[in-house]
Amino acid sequence: MIELEQVESEARRVGFELIGVAPVEPVGGGWFAPHAARLQAWIAAGMHGEMKWLADRAAERVAPELVLPGVRSAIALWMPHRCPSFERPPGPRGRVAAYAWGRDYHNVARKALRKLRKALHHMDPEAGVYATVDTGPVLERAFAERASLGWIGKSTMLIHPRHGTFGSLAVVFTDRALPYAPEKHPFRCGTCTACLDRCPTGALSAAGLDARKCISYWTIEHRGLIPREMRPQIGEWVFGCDVCQDVCPWNKDVRLADPARWRPDVERAWPDLERWLALPSAALLASLEGSPLKRALGAGLRRNALIVLANRGDRASLPAVEGALDDPDPVIRATAVWAALQLGSAIARARGLADPDPRVRAEAEGVAHGGVAG
Ligand code: B12
Ligand code: SF4
Ligand code: SF4
């Protein structure tokens, strides 16, 4: 038999700091129905952008029964990941979202989940168990809110009154009935609108988050060229974006995570963009083993570095940017043409116009690829 107290102490032992249980409505009914409807409306409105993987597994996201037949309980788990901030080093640096300053939370939480799963099977060898962190077809924030780990704020982030938003979620489904939180956590944003007002791109509204406007989406998830109108709005964010968390009053004085677990590194928090550009994409990727930065791939990170260097407006970076005009990847060359032109390059236009790839020529002509004036 699975005993909740034992689950809680095992979850704490393996590194989770908040643990709660939500009842699961197998066919997506009850408390879960508005979440399922919200996800479906979000996808129907195209707010997931090109994250096809989200839409492809939407049927499972709205029906936990498809993920684990007979599912009755969801154990929601929280691992804080915000380590103390680094002072910004001098030079051409970009900003990285706090969750990516050190080890990849997927690896850390997955290891912890494996141990927790083992403990559950020890308690009840016949129990059906499904454990996921981030990548499974599970609406993690919905279960975390119902398990009373916190509330879903206007930023769409799950907020715990003492831990704030800087934590990673994981969910364990089981087909055993466990005692669950009597009700969801109350909504405590009140009249605050700081995240909506301060999001640099206006991505947040009452409809939630429009990924097509979110810096995190463009810099991490999107492959290929970033639309021209988005590029200046990215500012100095070379990977992810923390603005809607940094401005949230619930993140003031939150307890920080243990650096011994996450091993944060100033070169990951504030990478030297010219150094990134000097490396071939494959070599950059290979240098990032064990880091969440790998998600954007080497080419995505170098594309982002070009945009941030252009946004910084420091002409001292022009040689590094012009160096990317010869890159084998047309997306890097096209972004380099744009970035070099922002920095007043004398050679980028001619080089771009002579390029075999139409996307690169379009940047040199100042026309967005597809013929829309930029
Ligand atoms: C796709 C995805 C993204 C996309 C889309 C984000 C989004 N808001 O949907 C992009 C790439 C933009 C993204 C960005 C980030 N993400 Co993300 N992402 C996911 C992922 C894989 C799926 C989310 C999803 O299903 N979205 C679809 C929407 C409709 O669902 P939802 O956002 O969960 O919303 C539900 C509820 O919030 C509610 N809801 C939605 N909007 C609103 C609005 C109001 C007012 C209310 C009341 C309710 C409500 O209804 C929805 C259905 O339940 C989850 C992991 C997972 N499997 O759940 C991580 C996850 C949500 N991401 C996470 C993080 C850390 C981030 C970033 C902070 C990373 C960064 N620093 O750059 C940003 C934050 C941006 C933001 N404000 O959400 C964490 C969030 C932890 C937390 N405390 O909430 C998660 C849970 C990953 C994890 N396992 O820890 N992400
Ligand atoms: S992550 Fe940045 S761009 Fe995305 S919603 Fe939050 S503040 Fe806006
Ligand atoms: S910034 Fe304000 S409105 Fe936004 S999530 Fe935090 S408390 Fe809620």
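Read the figures in this text as sums done on the coordinates, not as results from a lab. All figures in this text were calculated on a predicted structure; none of them were measured in a lab. Positions of Cβ are backbone-derived with ideal geometry, glycine not excepted, and every protein chain shown enters the neighbour counts.
List of remarks:
- Cβ-isolated cysteines (cut-off 4.7 Å), the chain: Cys83, Cys189, Cys192, Cys199, Cys214, Cys241, Cys248
- Here Lys115 is the anchor, and the lysines within straight C-alpha reach of less than 29 Å, apart from those fewer than 8 places off in the same chain, are Lys184, Lys294.
- Whole-percent pair-distance distribution, where bins are 10 Å wide, for the alpha carbons of region 61-219: 9, 31, 36, 17, 5, 1
- Neighbour counts of C-beta atoms inside 10 Å place Met79, Met47 in the sequence Met47, Met79, starting with the fewest.
- The alpha carbon gyration tensor of region 283-357 gives principal lengths a ≥ b ≥ c with a/c of 1.5 or higher and a/b no greater than b/c, which makes the shape oblate.
- DSSP beta bridges in the chain [antiparallel fraction, %, rounded to 5]: 95
- In this simple spin-label model, placing a label point 7 Å from the Cα along the Cα-to-Cβ direction at both Phe86 and Asp134 gives a separation of 1.8 nm.
- Region 232-371: C-alpha gyration tensor shape, a/c 1.5 cut-off, then a/b vs b/c: prolate
- The relative contact order of the chain, computed from alpha carbon pairs under 8 Å that lie at least 6 residues apart in sequence, is 19 percent.
- Of all complete DSSP H helices in the chain, those with a Cα span along the helix axis of 20 Å or greater and a mean Kyte-Doolittle hydropathy of 0.0 or more are 297-312.
- You can think of it this way: the chain between Arg110 and Val266 has 53.7 nm of extra reach, that is 0.36 nm per residue less the Cα-Cα gap.
- Anisotropy class of the chain from Cα gyration tensor, a/c 1.5 cut: prolate
- Mean separation of Cα contacts under 8 Å, 6 or more apart, over the residue count of region 105-249: relative contact order %: 21
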